[in-house]
Structure formats: structure tokens, C-alpha cells
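In what follows, a structure is listed as C-alpha cells, so that the remarks can point back to it.
The values are calculated or read from the model by the stated rules, or taken from the named source; none is laboratory data. Not measured: the values here are computed from a predicted model. Cβ: placed from backbone, ideal geometry, glycine included. Neighbour counts: every protein chain shown. Surface areas here come from the heavy atoms of the whole protein model, side chains and all, with no ligands, DNA or RNA. Shrake-Rupley method; radii C 1.70, N 1.55, O 1.52, S 1.80 Å.
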Amino acid sequence: MQKKKITLSTIALWVLFAVTLVLFVVFFAGPQAEYALSTQGTTETSAILDPYLYWVYVVVGLGILLLIVFAIKSVLLGFQRDAKGTTQGLITIAAFVILFAVCYFVSPATEYNKIVSGENIHYDASEMKMIDMWLYSIYALVVVTFVLIIGFGVKNLIKK
């Protein structure tokens, strides 16, 4: 039996997973958890919430950065091996850019005010336009995913 090689990316994945798991447990089972659950309806939160959110931002940002770096690397190396496959990958990336552009232009540019615990929180038109763009694009991708799942399921039933 061949011994599996442990790579740097595997170690990084497990370290990120371990830190996330520790923060998750501390958030839901730590000393502030009972207090956060007992406030019932107020906006007070656990003291670990801010570090937890910052960690999520770091992990998501790192994931997006690595996705972009490896996509560029794949495109550059792909043209050497398989130009047709790489072109299809570029078409997929272009489709995402078009989806985001359409969702951005469809999104309304309206201001929004919200009062939380007596504090007025203001979102300007550009912030709301970006929020709506991301929401619309997520809705579109969820619909496309369900259509593909159902479509491939029907195709497999017909094929059998």
C-alpha cells in the first residue's frame, strides 16, 4: 500500500479547520453562550462574536484569493495543454462576470435606514446596490443549481 504524501495545503486546511472548530465551540458553548441565549430578543451578543466574524472574513477572503490565484494559474497552464478546455473555462468566468453585471444594473439604488437599540444605522445607495447585487446573484445561482439537479435527474431516469 502506497503511503499518502502530506502536502502544505493539507496541513493548512486542517489548521484552518481546527481554529474554526475551536471558535465555533467557544461561541456556542463558551461562558457567554448562556448570556446570549438568555437575553431573548435584545441585540446584545456574545463577546466572542466579533473575533468569530473576523475569522470568517479571513477564511472567506483567503478562499477567494486562492480561487483567483489558482484560476489564473490554471488558465495560463491550460492553454499549453488543452486550449479548448481552457476556452470553456474562460467562458464560464465570463458568464459569472455577466451575471454579476446584470444583477448590479438590475439592483435599485435606494438608501436604507434601520434603527437598532435606539441607534440609527444608515446604508447609502451604493452599499444597498452592492448588497442587492450579491443577493440577486445568489438567488440566480440557486435557481440554476436546482434546475441542473432536476434536469440531470430526469436525464438519468430517461437514460435508464
Item checked: Residue list for segment 83-92, filter: under 27 Å from Met133 (Cα atoms) and open to solvent by less than 80 Å² (accessible area, probe 1.4 Å) -> Thr87, Gly89, Leu90, Thr92
Next item on the list: Return the only residue of Val58, Val75 being surrounded by 12 or more Cβ atoms within 10 Å (Cβ to Cβ), at pLDDT 85 or above and of a type in the set (Val, Ile, Thr).
Entry: Val58
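Residue-by-condition table, conditions (1) hydroxyl-bearing (Ser, Thr, Tyr); (2) open to solvent by 70 Å² or more (accessible area, probe 1.4 Å); (3) in contact (Cβ under 8 Å) with a residue 12 or more places away in the chain:
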residue: Arg81; (1), (2), (3): no, yes, no
residue: Ala94; (1), (2), (3): no, no, no
residue: Val97; (1), (2), (3): no, yes, no
residue: Ala101; (1), (2), (3): no, no, no
residue: Ser107; (1), (2), (3): yes, no, yes
residue: Glu111; (1), (2), (3): no, yes, yes
residue: Ile115; (1), (2), (3): no, yes, no
residue: Gly118; (1), (2), (3): no, yes, no
residue: Ile121; (1), (2), (3): no, no, no
Check: Cβ-Cβ below 8 Å, separation at least six or inter-chain, first residue in segment 140-160 and part of a helix (DSSP H, G or I), second not basic (Lys, Arg): which pairs?
Finding: Ala140/Leu99; Ala140/Cys103; Leu141/Leu99
Checklist line | Residue selected from segment 123-159 under the condition in contact with a Phe, Trp or Tyr (Cβ under 8 Å, 6 or more places away or on another chain) and among the hydroxyl-bearing types (Ser, Thr, Tyr), by the criterion most open to solvent (accessible area, probe 1.4 Å) | finding: Tyr123
Next item on the list: Would you confirm whether any residue within segment 104-127 is under 25 Å from Leu16 (Cβ atoms), in a helix (DSSP H, G or I) and among the aromatic types (Phe, Trp, Tyr)?
Entry: no
